Structure formats: C-alpha cells, structure tokens
1. Here are some values of Cα extents along the principal axes in Å: (i) 55, 41, 39; (ii) 132, 49, 44; (iii) 54, 50, 37. Which one was computed from this structure?
2. If the cut-off is 20 Å between C-alpha atoms, which aspartates and glutamates fall inside it for residue 221, apart from same-chain ones fewer than 8 positions away?
3. Within a Cβ distance under 11 Å of residue 289, other residues only, what is the Lys/Arg minus Asp/Glu net charge?
4. I'd like the distance between the alpha-carbon centres of the range 167-212 and the range 57-136, rounded to an integer number of Å.
5. Over the Cα atoms of the range 9-112, how large are the radius of gyration and the largest Cα-Cα distance (Dmax), in Å?
6. In deg cm²/dmol, rounded to 500, what helix-only [θ] at 222 nm does the chain give when every DSSP H run of at least 4 residues adds -39500 (n - 2.57) and the total is split over its residues?
7. Please build a GNM for the chain, connecting alpha carbons under 10 Å apart, and tell me which residue among 24, 217, 153 fluctuates the most.
8. May I ask you to give the solvent-accessible area per residue for the chain, in square angstrom, as obtained with a 1.4 angstrom probe?
Amino acid sequence: MADKKPDEQFVGSGPKETKWQSFKGFVWNSETSQFMGRTAGSWAKITIFYVIFYTLLAGFFAGMLMIFYQTLDFKIPKWQNKDSLIGTNPGLGFRPMPPEAQVDSTLIQFKHGIKGDWQYWVHSLTEFLEPTPGTYETLTSSGQEFTNCDFDKPPQEGKACNFNVELLGDHCTKENNFGYELGKPCVLIKLNKIFGWRPEVYNSSAEVPEDMPADLKSYIKDIETGNKTHMNMVWLSCEGETANDKEKIGTITYTPFRGFPAYYYPYLNVPGYLTPVVALQFGSLQNGQAVNVECKAWANNISRDRQRRLGSVHFEIRMD
C-alpha cells in the first residue's frame, strides 16, 4: 500500500457548540439576521396572517351569536308547556327549607318555647318574605306592574295580580314568630311557576276525582253552595302520608284560601308577578312525634304522582 502524500489532510468539524451557544444562535442569528428562526419580513407576514384570520374568526362567531340571539326572547321562553323540559304539570314547593348543609333533607325539626331552637325557621320564613328587590313586600308596596284582583275581577292585560302578605293573617307572621315559639308552626306552600300554564279548574263538586280527600270534597261543596265564583281555584290538600301520620298530624288551618286562586295564572313573566302562597298552620302537633306530610294540588290538568312528586310535595315536621 502506498504511503499517504504529505499534502493530504483531513478537514475536522471544528469546535463543538455548547447548548447555551446553540440557544443564543436560535434566538438571534447575527449572520442571517433571523430572530427565532425567522427574518423580520417573515415575522411581519405571519403576524398579519393571524391577525386577519382571528379577526375573521371572531367576526364569524359574533355573527352567529347575533343570529342566535335573534331567535330568543328574554321574556318568553322558546319552548313552552309540553315542548319544554318542565312540561305542563306544576309541582309544589314548601318553605321554610332545611339548612343548605342538609340539602337532601325535608325535615322541619324544632324545639318550641322561650328556650327553643326555632329561630332558624323563623329567620328562613322572614327572609323568604322580606322586603328585598323583587320579593313580596317591596312589590306589594310599589304598585307599578300589578293590580288588585278578585274572583270576579281578573287582572288587566300586561299586569299581574297582587299577592299581599297581609292575606296570610295574624298568626303566620314575623311578629308571631310564625307560630314556632308557641308550638303551632306555619309552613308556606307554593305552586311552582310554568310559563303560559293555565289551570283547568273543577266547575262543580261533581267533577272532583274519587281520590280527593273527603274533607276537601266537603269543603268544595260548601263553597259551591255559598259562593260559586270561589270555585275558580286550584285546590290544596295536606295530610299525613300514612294512617299513623294522619292520626298524629292534628288540625291544619289554611290561609288565606284552601288553594291558589286561578286569577294568578297564567304566569307570563310580567314584572312584579308574585307567586301566591298558602300558609298552613299546624295547631296540635304532638311533642317528639315526626309526621310525614304530603300536600297535593287539585285541578283537571294537574296529575298527582307520589313517586315522581308530580302535583305534590312531601316534608316532615317534628316538634320537641
């Protein structure tokens, strides 16, 4: 094998760059005038492209949102009654509710008397009826968006019927601690709102269903005989769920009516509308006895189902 010529030399790769030198060269390359791999002209082009792209994208989204809002009415829901998720069967609600920490509970439990622990329940009812914007006492005194109604005096168009808290009488009031201190507690029952729903009331006592409680049937017959205009009512019945509960529940007083006058409906989201309530006062509860209470609403277009709580509400009450 011939020896290598003296002038033959191998060219090396030169000194190897450190990671820091490589990073600095990527951030700014002085030889090519590139910043992070791009020249100033390249950066200007890509910036202009993305500004135009995201401007068009934002404009497209805003346009679609405007078109969507054109299909909505902030006063009238798009889907109503049978087309809505709520449906056409209103439920019932009760107040006072147990504390938020007991979110799954429906038990109203208290100790009556001067040294009792009934203060939470009184505060809860007071808060429900307190004069804050949009609640009972404020709207009752403003008189701007609603009118006084009666069974023979329906509301004027565009106005809602006034529900005056004074209709609840003298016993179920803050001044009387809603009866909790005296051991005669009050519970408020309300019919849940469904936009556009109008009750189909029983026009006579002959129309009432077979499973309606006997005392309510008798009450409706007396109303029919005395003042038939008061038949325009969504009737309310509250009783013990079981035979044992019926024995322990004692007397119940309904104020101001034994139900919800139909002139409060339909609910049309009129500013000033106040959901009517019925005050139940339990007059003879037994100490240390929990009572399961079930309330039901009665009208031709209200179904009642205990399992699904349609047209009804359940709560327990115990006085110590």
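1. Correct label is (ii).
2. Straight-line reach from residue 221, under 20 Å: 152, 200, 207, 210, 211, 239.
3. Value of the local net charge: -2.
4. With the range 167-212 and the range 57-136 each reduced to a Cα centre, they are spaced 18 Å.
5. 33.5, 108
6. Taken over the chain, the calculation gives -7500 deg cm²/dmol.
7. In this elastic network of the chain, the residue with the biggest mean-square fluctuation among 24, 217, 153 is 24.
8. 62 Å²
The values are calculated or read from the model by the stated rules, or taken from the named source; none is laboratory data. None of these values were measured; they are calculated from a predicted model. In this analysis, Cβ positions are derived from the backbone assuming ideal geometry, glycine residues included, and neighbour counts consider all displayed protein chains. Only protein heavy atoms, including side chains, enter the accessible area calculation; ligands, DNA and RNA are left aside. Shrake-Rupley method; radii C 1.70, N 1.55, O 1.52, S 1.80 Å.
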